[in-house]
Structures are given as C-alpha cells and as structure tokens.
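The structure under discussion appears below in the form of structure tokens.
Only the coordinates and a few stated rules stand behind these numbers; no lab work does. What you see is a predicted model; the values in this text were computed from it and never measured. Note that each Cβ is placed from the backbone with ideal geometry, even for glycine, and that neighbours are counted across all protein chains shown.
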Amino acid sequence: MSNVVVVGTQWGDEGKGKVVDLLTARSDMVVRFQGGNNAGHTLVVNGKQFIFHLIPSGILYEDKKCLIGNGLVVDPEVLLEEMDKLKAAGITIGPKRLSLSEKAHIIMPYHRAMDLARETAKGKAKIGTTGRGIGPCYEDKAARTGVRAVDLLDAEVLKEKVAANLKEKNFILEKFFGAQPLEADPIVESYLRMGETLAPYITDVSVELDQAVKNQKDILFEGAQGTHLDIDHGTYPFVTSSNPVAGTACAGSGIGPKHLHHVVGIVKAYTTRVGAGPFITELEDDVGDYIQERGKEFGATTGRRRRCGWLDLVVVRDSVRLNGLSSLAITKLDVLTGLDRLKICVGYEIDGEAVGQRPANLRRMAACTPVYKEMSGWQDDISGARELSQLPEAARAYVETVEEVTGVPVSVISVGAGREETIVVRYPGE
Ligand code: IMP
C-alpha cells in the first residue's frame, strides 16, 4: 500500500468503517484527523460487536498503531470508556498502540450543555446535532479559548481556562437559555484525573507521522462524517463543525500533502442523512422504507432513523472535485437487491434548466428537481459475489453508471456486512 485517505462522499454513514477495516490490514498506522464522537461505526469481529467513536478500528489488529490527530475534538470520558471496553474484550491498549495528539481540543461539560441548550432553543429550526458538544468545542478552538489535551497535564492552566470559560458559558447558559450553570471545581478535578490516565498516550502526532514516513510505513487516514457535512463545502448550516474533506488529513494530523498518495471516496449505493437539511433525492414512500429497513439505517451514535433516498451523483461528483478522489468504494450494494426499478440522480434542474453542481444557496437547492436515470433492478442475492463478473448484469450496469457519471474508477464494492463480502477490483493505493 501507500498513504491512503478514506473520506465519505455523501452525508456521512457511507460505511467507511468496513473499507477502513479492509485497508487497515494492509497498512501500519491508522490516523483520524477530524470530528469527534459524533462519528460512530460498528464492527463485528469473531462474533464480538465493537462500536467505535474515537479510536480507529485498527486497534483490533495487534500490530497497528492508531493515532488521534490534532484536528479532532476529544471527549476524554468517551475515549477512556472506549479504551476500557476494548481492554475488557481482551484487546491490548497501551501507548505503543494508541496516541492522542497533545494539540487535540477537549470537549468539556459546558460544550455538551451549550450544544443541547442551543438545539432546544432552536426548536423546529434545529440542525439535529448529535448533542455531543462538537460544535461548541470547535467554536472555542476558533475563539482561542479551548482546552487542549496538553492542558489536562497542567493543573494551573486547566484551572484558569475552565474558570475563564465558565464565566462566559454560565452567563449564556443561565441568562440566555435558562439552563443550569456548571461548577468549576468538579470539572477541573475530574478532567485532571482523566488527564493522569491519558498522560502516557498524549504525544506529538505530527512527529510520529514524520518518523513513520521516514521509515516508509503505510499510513491510512480515516475521515469521519462526509463531504456534504463539511463546514465549508457542505449544506451549510446543516453541517458539522469540521472539514471532513481529504485536505484535512494534512492539517488535522500534521503531515504535508506530498505524503498522500491515494484518496478513496466511499459511496453508499443510495443516499442517507441524519439530522435536518436538504436532501433532493429523499424517498418518503415504501421504497424509502424498504431501503431503511434492509440497510438497517439507524445512527450508530444516536440511534436515530436515517432519512433514505436514491443515489445522488451530483453530490458524489461534487465530492470527486472537493477531495480529488482517485477511486470510489461502493458500499451496501446488496441493500438494493429486490427492487424492480432503480433510479440514479445524474443532474439537477431548476425550472427545466440544468444546474451543474449543488447550489450553495439552500433556497435554490430546495428548488432543484432531480434528473433521474432509470435502471433495471436485480433479484438475485449478490452477497456471494467476489468478482465483478459474478454480479448480475443490472448490478454491473449500476456500478458502470457511477463510474461514467463521476469519471472515477470503482476500486471496491461491498456486497454485505461481513469482511469477506467484498469485491476488490483493485486495492486503493496499490
Ligand atoms: P454535530 O456534528 O453533532 O454538530 O451535528 C451536525 C450535523 O452533522 C447533524 O446533522 C448530525 O446528524 C450530522 N452528523 C455528525 N456526525 C455524523 C456522522 O458521523 N454521520 C452522519 N451524520 C453526522
């Protein structure tokens, strides 16, 4: 392998976890570079179920190093809980296997409180955040008032920062939102305690990556969420607070772009989104329910039912440009089995006029109607296919349409939840 970045091309939940797992086997290190515990994916290995929110799933392999980059916002309670659960399942966790960037920002209890208070106050206009304090933590990062992992190791700095932050947050929580204020001492105490446990893991991730590059190690960069949840390029304001695009692999971990060799975009065979925001190909009918049920489309983090719709290639095409995608991995193709007719959105129109890409103005986006290519479905179970030629003709045509419309080759196709239920056309980066 070489150094590969994996990103979501839609609104998150594309099934990145499975492709990351596939590529982890061929790499030495796995790095996360943005987001936080708003992400989540489930892996079943040897009959045991693991849910990951922060730690890369590469931790399940004894010989891989997992790194949490500076671009993340980290809730230390969630991280420690995840570490404990893995230890209880017999997985060795130690600083040789896991690093946390000293520059990663820390989610504090007042971030969660602000997230929930703000969403409640917005009522119908809410974004539908995961309520994990992600946005408020990134806000403090930009405001230059954030707590970083390295601050958990310095009682004086932490005390000062928490006191200064609470002055402002408590004012807003109480006076603006009518919510409960928070006390500084218990927060400082518990965060210092967590800092003590995390101390051996807190390092300079950029230096570690530099060493790895010099030693010609293969590095996998694991993106979270999806391109259209990107705070700059997504359906703003219905987005997350970080940049899930591939470029963040550099800024969010401390490595230069010349060290990235291949970017693989994960495309779920249909579209889903959780939370509010525009969704041109949404299906609010029996077909949408069929996809939702067969695809088990519930959020791994919040358990919310995901909205489902036809594959939107306008969205994917935008992602090709925004991420510089080298190849695509199509996931959950098997979920579409059993539908007589399939539709793929290949363009948008407003009042009969073609629209090149997804408009930034959400009112204009809401005015878009999808232009569909209609295709035949397939009825045969495809989960046993291990080569393209073993797919029914209609399924192959579906994959070919994705390649034609996006102009990017498909490297991997997932035809079931199991590790082995995969067609590898070509390993990304090889
Ligand atoms: P936040 O990231 O919790 O602030 O939520 C902002 C928006 O991003 C909401 O619509 C969430 O549902 C969505 N979101 C955040 N993380 C994920 C994810 O991992 N998958 C899908 N949607 C997500």
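Which value, in debye to the nearest 20, describes the size of the charge dipole of the range 15-73 about its Cα centre when Lys and Arg Cβ atoms bear +1, Asp and Glu Cβ atoms bear -1, and nothing else is charged? Please report the intermediate quantities before stating the final value.
Working: 7 positive and 4 negative charges, 26 e Å.
My answer is approximately 120 debye.
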Report summary line: Most packed first (mean Cβ within 10 Å per residue), the peptides 234-243, 300-309, 324-333 order as 324-333, 234-243, 300-309
Report summary line: Charge dipole of the range 261-404 built from unit charges on the beta carbon (Lys, Arg +1; Asp, Glu -1), centred at mean Cα; most positive-end Cα among G324, Y348, M375 is G324
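So for the range 267-424: antiparallel DSSP bridges make up what percent, rounded to the nearest 5? Mind showing how you got there, number by number?
On the way: 19 of 26 bridges.
Within the range 267-424, antiparallel bridges account for around 75 percent of the total.
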**Report entry** Residues of the range 83-104 with amide N under 19 Å of a point placed 7 Å along Cα→Cβ from K48
**Finding:** 83-98
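In deg cm²/dmol, rounded to 500, what helix-only [θ] at 222 nm does the chain give when every DSSP H run of at least 4 residues adds -39500 (n - 2.57) and the total is split over its residues? All intermediate terms of the calculation are to be shown ahead of the outcome.
Values: 12 runs with 131 residues, N = 430.
It comes out at -9000 deg cm²/dmol, rounded to the nearest 500.
About its Cα centre, what dipole magnitude does the chain give when the only charges are +1 on Lys and Arg Cβ and -1 on Asp and Glu Cβ, stated in debye to the nearest 20? Could you put the intermediate results ahead of the total?
Working: 51 positive and 58 negative charges, 99 e Å.
In debye, rounded to 20, the chain gives about 480.
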Query raised in the report: So what are the ³J(HN,Hα) numbers for the range 409-422, from phi and the Karplus equation (6.51, -1.76, 1.60; θ = phi - 60°), rounded to whole Hz, Gly and Pro as x?
Result: x, 8, 9, 9, 10, 9, 10, x, 6, x, 3, 7, 7, 9
Query raised in the report: So what's the gap between the Cα centers of the range 241-266 and the range 383-430, to the nearest angstrom?
Result: 24
Query raised in the report: Once the other residues with Cβ under 14 Å from the Cβ of G40 are scored (Lys, Arg +1; Asp, Glu -1), what is the net sum?
Result: +1
Report summary line: Quick note, the range 130-278: a/c under 1.5 would make it rounded; otherwise a/b > b/c is prolate and the rest oblate (a ≥ b ≥ c, C-alpha gyration tensor); here it is oblate
**Report entry** Partners for K16 among aspartates and glutamates (Cα-Cα distance below 12 Å; same-chain residues under 8 apart left out)
**Finding:** E222
Query - Degrees between helix 109-122 axis and first principal axis of the chain (Cα, 0 to 90, nearest 10) - result: 50
Query raised in the report: For the range 225-237, in order, what is each residue's ³J(HN,Hα) by Karplus, 6.51 cos²θ - 1.76 cosθ + 1.60 with θ = phi - 60°, in whole Hz (x at glycine and Pro)?
Result: 6, x, 4, 8, 9, 5, 5, 8, 9, x, 7, 4, x
